[in-house]
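> One structure, pasted below without further comment.
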Amino acid sequence: MSIQTNEEKRFALRMSLRLPIVISGRADDSSAWSEPTETDDISTSGALFHLNQKVNRGEQLFLRTHRPDGAPIEVTTRVVRVAPAIYGTARIGVQILDPVDHWLRLFVSWVADEQTTSSESDPSSSVQ
């Protein structure tokens, strides 16, 4: 007999990052909506953020943001997690569907930018 648990299984590299994003989608009445927010964290396969707009698991959303060099990125996502949060918002977890390679380049560019920033501010990392 096997026991099933509700434990999440995450296999992606994750980074805590407050990245400004714009999420857009379609309401139940098919009207378009768009909401600016920021990520709590990003991973190689998705993102976690707060949202005022009501969305459901399985729903398709579009995420727009910029790489550190200013290049715009837009990806299609699927909602994989909806959890209540503060002030009536929800914590939304999304999986990147397409184009995955654009999202991976974004992730890598932010990791590289973060590493450069932290090594510049850490005097012990400089070569004498």
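The values are calculated or read from the model by the stated rules, or taken from the named source; none is laboratory data. Since the structure is predicted, the reported quantities are computational estimates derived from the model, not experimental observations. Here Cβ is always computed from backbone atoms with ideal geometry, including for glycine, and neighbour counts include all displayed protein chains.
> Out of Arg78, Arg57, report the one residue that is basic (Lys, Arg) and out of contact with any Gly (no Cβ under 9 Å at 6 or more places or on another chain).
None of the others qualify; the one that does is Arg57.
> Got a number for residues in segment 33-53 being surrounded by fewer than 16 Cβ atoms within 10 Å (Cβ to Cβ) and closer than 12 Å to Trp110 by Cβ?
Number satisfying all stated conditions: 1.
> List the strands (runs of 3 or more DSSP E) inside segment 35-97, counting only whole elements, that have at least 3 residues being in contact with a Ser or Thr (Cβ under 6 Å, 6 or more places away or on another chain). Explain how you work it out, then say what you get.
Working: elements: 46-51, 60-66, 72-84.
The strands (runs of 3 or more DSSP E) meeting that bar are 46-51, 60-66.
Let's see how each residue does on (1) surrounded by fewer than 13 Cβ atoms within 10 Å (Cβ to Cβ); (2) free of Cβ contacts under 8 Å to residues at least 60 places away in the same chain; (3) not β-branched (Val, Ile, Thr):
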position: Val55; (1), (2), (3): no, yes, no
position: Glu59; (1), (2), (3): no, yes, yes
position: Pro68; (1), (2), (3): no, yes, yes
position: Thr76; (1), (2), (3): no, yes, no
position: Val80; (1), (2), (3): no, yes, no
position: Ala83; (1), (2), (3): yes, yes, yes
position: Ile96; (1), (2), (3): no, yes, no
position: Trp110; (1), (2), (3): no, no, yes
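> Separate question: For segment 13-32, name all the residues that are exposed (fewer than 13 other Cβ atoms within 10 Å of the Cβ) and either assigned to a loop (DSSP other than H, G, I, E, B) or modelled with pLDDT of 90 or more (or both).
Leu13, Arg18, Pro20, Ala27, Asp28, Asp29, Ser30, Ser31, Ala32
> With the structure loaded, tell me whether Val127 is in contact with a Leu (Cβ under 7 Å, 6 or more places away or on another chain), of a type in the set (Val, Ile, Thr) and either part of a loop (DSSP other than H, G, I, E, B) or at pLDDT 95 or above (or both) or whether it fails that test.
no
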